[in-house]
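Peer 1: First, the structure itself, so that you have it in front of you.
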Amino acid sequence: MNTGELVELGQQLRVDSVRASAAAGSGHPTSSMSAADLMAVLLANHLRYDFQRPAHPGNDRFVLSKGHASPLLYSAFKAAGAIDDEELLTFRKLGSRLEGHPTPQRLPWVETATGSLGQGLPVGVGIALSGKRLDHADYRVWVLCGDSEMAEGSVWEAAEHAGYEQLDNLTVIVDVNRLGQRGQTRHGHDLDAYARRFRAFDWHTIEIDGHDVDAVDRAYGEALSTRGQPTAIIARTLKGKGVEAVEDREGQHGKPLPDADEAIAELGGPRDLTVRVSEPPTARALHSAGSGQLELPRYELGDELATRNAFGEALAALGGARGDVVALDGEVGDSTRAEFFAKQHPERYFECYIAEQQMVATAVGMAARGWVPYATTFAAFLTRAYDFVRMAAISGSGLNLVGSHSGVAIGQDGPSQMGLEDLAMMRAVHGSTVLCPCDANQTARLVAEMAGLEGIRYLRTSRGETKVIYGPDEEFPVGGSKVLRSSEDDRLTVVAAGDTVHEALAAADALAGEDIPVRVIDLYSVKPVDRETLRRAAEETGCLLTVEDHREEGGIGDAVLDAFTDGRPVPRLVRLAVRTMPGSATPDEQLRAAGIDADSIAAAGRLLVGEAVVA
């Protein structure tokens, strides 16, 4: 398009943003209006995209990081012919695909869910890394950010990672419209303040007037020709551009314009321009899952091995059988054992350093490109990235997360390193799967099982060695459990997972010597939980005792209660969990101090059985 046509297209995007928000009675038209010219030039002259084939391997990828400006995105979809005007005016209404913030669950042209600010660029880095190191494809990644979200630390994790990886296939467009939700942003219209920061992370920067369509066009061309560096286009814009009542005025964020009809008239009225978006270049089909034979490691009964080791060995084996599996780690690969994968498949291993938000975002970006990521760090440190996990679920991402060094059982390192909230955190994620293996063979099987699941999958691993109690051919279906001790005379059921399974078995053996038969359930699938086995145990033994190396809230005990949420009688349930703040001590001392070791379980069992007799 020429200059005049681009100006008209920008005005059309503004008008349609105003119309959509007015029809909804809510939305962010002023935030859309500031970026309308930036979007118009990109859509008409630089984006290569087949809207009929959103999975085309050659398509450029566009991420709207300022997801509240969704009216602009939907107006662009209309201009490209992907949606019609009737659908545009269903914005934010029940049943509409056009949600307040865009999600790929609803629209095939959306790469990732945005709306929690500071996430679009990190995910864009993951997509760009896929293009450069995995897909070896020519597609370009464009990310449109707002200036308010430049205050988020995750943006600068992404900026540093992109600069380090020399992602010259990535362009970020920063819409510097000066105004945030409640007033001026930190740097206002000081473009160089943003440019200096990007340059510090080895980016090529271009400062422009974001309403000068020719300057925007030249900047995009310059970005395309830049080699060895990602490009940041810092664009000065005006919020509410084109309508005097709201242009560059505070207090106009997140609401329809006061008089939509008057604003539309001021903008020159509705248009019906259509854009012929450039076709993507021919590209080879993306990777396939591969058809290699999976040979998981096999461990002998009685061997002692940390589940983190079994995870690393199983992941390396899975990577040999499946060419779509990738591994990411937060600079602790020697501890998580992700380094086993790195040594065998270095081309599919990504070191994300101590930047857990960027690690998870990279995994989300890679999953969007069809890869099967396993992202690993200490369980405790995944808390830093929880908002990215939450948003990944909204995106419908297929993501495998592995948290090592869980619980007080890690010993002397103390509470800052102990994952004691991770089960609760991951169980709360919509559609998640949460797994907590207790031995090496079980771990290996579950690592392989995770690859074929949907949604967010979490595997908890331990630091210390534990005895192998299952044979290498044992099956562990997700949603199942294993009954390790059982008789018709059981007077109590102990439910455990991970390290505490071994403590529960030792306690059951001790109680058996006192003529107190105890059933032991290994609840390796914490979510979904094995309801039938737990219900049967409650009916047959009368009492459930849960023991977990985790805080009481949200862990194994709550997972067990989930088996009785359909109106069935809730059984007598007693929980042993970590209720104090640990210090430094040996693993055995930690378990004893927390009251979750074999002796504590046995003592609780004696008390419960005695109370039942008295009752």
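Peer 1: Considering only protein heavy atoms and a 1.4 Å probe, what is the carbon-and-sulfur percentage of the accessible area of the range 113-250?
Peer 2: Percent of accessible area from carbon and sulfur atoms in the range 113-250: 40.
Peer 1: Also, quick follow-up: What number comes out for the charge environment of Gly411, summing +1 per Lys or Arg and -1 per Asp or Glu over other residues with Cβ under 9 Å away?
Peer 2: That works out to -2.
Peer 1: Calculate what fraction, in whole %, of the accessible area of the range 354-453 sits on carbon and sulfur atoms when a 1.4 Å probe is rolled over the protein chains.
Peer 2: Using a 1.4 Å probe with all protein chains present, the range 354-453 comes out at 49 percent carbon and sulfur.
Peer 1: Taking the alpha-carbon distance from Lys467 and a cut-off under 21 Å, which lysines remain once sequence neighbours fewer than 8 residues away in the same chain are dropped?
Peer 2: Here the lysines satisfying the reach criterion relative to Lys467 are Lys482.
Peer 1: In nm, give the distance between the simple-model label positions of Glu475 and Asp50, each being 7 Å from the Cα along the Cα-to-Cβ direction.
Peer 2: Once both label points are built, they end up 4.1 nm from each other.
Peer 1: Taking the full set of protein chains and a 1.4 angstrom probe, give the accessible area of Trp203 in square angstrom, rounded to the nearest 10.
Peer 2: We get 10 Å² for Trp203.
Peer 1: While we're looking at this one, here's another question. Restricting attention to the range 419-459, which GluC sites (Glu not before Pro) occupy a DSSP loop and are surrounded by at most 15 other Cβ atoms within 10 Å?
Peer 2: Filter output for the range 419-459: Glu454.
Peer 1: Give the residue list of chymotrypsin sites (Phe, Trp or Tyr not before Pro) in the range 297-380 that are DSSP loop and have at most 16 other beta-carbon atoms within 10 angstrom.
Peer 2: Tyr353
Peer 1: Helix 70-79 sits at what angle to the longest principal axis of the chain, using alpha carbons and giving 0 to 90 degrees rounded to 10?
Peer 2: Between helix and principal axis, roughly 60 degrees.
Peer 1: Further question on the same structure: Residues of the chain: accessible area per residue at 1.4 Å, in Å²?
Peer 2: Value for the chain: 37 Å² per residue.
Peer 1: Another question, then. Give me the lysines in straight-line cross-link reach of Lys239: C-alpha distance below 20 Å, same-chain residues under 8 apart excluded.
Peer 2: Lys66, Lys255
Peer 1: What lysines could a cross-link reach from Lys343, if we take a straight Cα to Cα line under 22 Å and drop same-chain neighbours fewer than 8 places away?
Peer 2: List returned: Lys132.
Peer 1: Which of Met359, Leu294, Pro256 sits farthest toward the positive end of the charge dipole of the range 256-360, with +1 on the Cβ of Lys and Arg and -1 on the Cβ of Asp and Glu?
Peer 2: The residue sitting farthest along the positive end of the dipole is Leu294.
Peer 1: Right, here's the next one. Please compute the net charge surrounding Val578, taking Lys and Arg as +1 and Asp and Glu as -1 over other residues with Cβ under 9 Å from its Cβ.
Peer 2: For residues surrounding Val578, the net value is -1.
Peer 1: Report, in degrees rounded to the nearest 10, the 0 to 90 angle that the Cα long axis of helix 307-321 makes with the longest principal axis of the chain.
Peer 2: 50
Peer 1: Given the -39500 (n - 2.57) contribution per DSSP H run of 4+ residues, what per-residue ellipticity at 222 nm results for the chain, rounded to the nearest 500 deg cm²/dmol?
Peer 2: Per the formula, -10500 deg cm²/dmol.
Peer 1: Carbon and sulfur: what percent of the range 273-350's accessible surface (1.4 Å probe)?
Peer 2: That fraction is 45 percent.
Peer 1: Right, something else. Taking 7 Å along the Cα-to-C-beta vector as the label spot, tell me the Gln417-Glu488 distance in nanometres, rounded to one decimal.
Peer 2: 5.0
Peer 1: Place the peptides 32-39, 388-395, 300-307 in order of packing, highest mean first, counting for every residue the other Cβ atoms within 10 Å and averaging per peptide.
Peer 2: 32-39, 388-395, 300-307
Peer 1: So, counting K/R as plus one and D/E as minus one, what does the shell of residues with Cβ under 13 Å around Val125 add up to?
Peer 2: Counting the neighbours of Val125, the net charge comes to -1.
Peer 1: With θ taken as phi - 60° and the coefficients 6.51, -1.76 and 1.60, list the Karplus ³J(HN,Hα) couplings across the range 402-411 in order, rounded to whole Hz; mark glycine and proline as x.
Peer 2: 10, x, 9, 6, 8, x, 5, 5, 5, x
Peer 1: Kindly provide the trypsin sites (Lys or Arg not before Pro) of the range 118-182 that DSSP labels as loop, not H, G, I, E or B, and whose Cβ sees at most 12 other Cβ atoms within 10 Å.
Peer 2: Within the range 118-182, the qualifying trypsin sites (Lys or Arg not before Pro) (loop, at most 12 other Cβ atoms within 10 Å) are Arg182.
Peer 1: Please state the charge dipole magnitude for the chain, taken about the Cα centre, from unit charges on C-beta atoms (+1 on K and R, -1 on D and E), reported in debye and rounded to the nearest 20.
Peer 2: With only Lys, Arg, Asp and Glu charged at Cβ, the dipole is about 720 debye.
Peer 1: Given +1 on the Cβ of Lys and Arg, -1 on the Cβ of Asp and Glu, and no further charges, what dipole in debye does the range 88-210 carry about its Cα centre, rounded to the nearest 20?
Peer 2: 520
Peer 1: Right, something else. Report, in degrees rounded to the nearest 10, the 0 to 90 angle that the Cα long axis of helix 386-395 makes with the longest principal axis of the chain.
Peer 2: Taking Cα atoms only, the helix is inclined about 70 degrees.
The values are calculated or read from the model by the stated rules, or taken from the named source; none is laboratory data. Please read these numbers as outputs of a predicted model, since none were measured by experiment. Because the Cβ atoms are built from the backbone with ideal geometry, glycine has one as well, and the counts that use them run over all protein chains shown. In case anyone asks, the SASA skips ligands and DNA or RNA and just uses the protein heavy atoms, side chains included. Shrake-Rupley method; radii C 1.70, N 1.55, O 1.52, S 1.80 Å.
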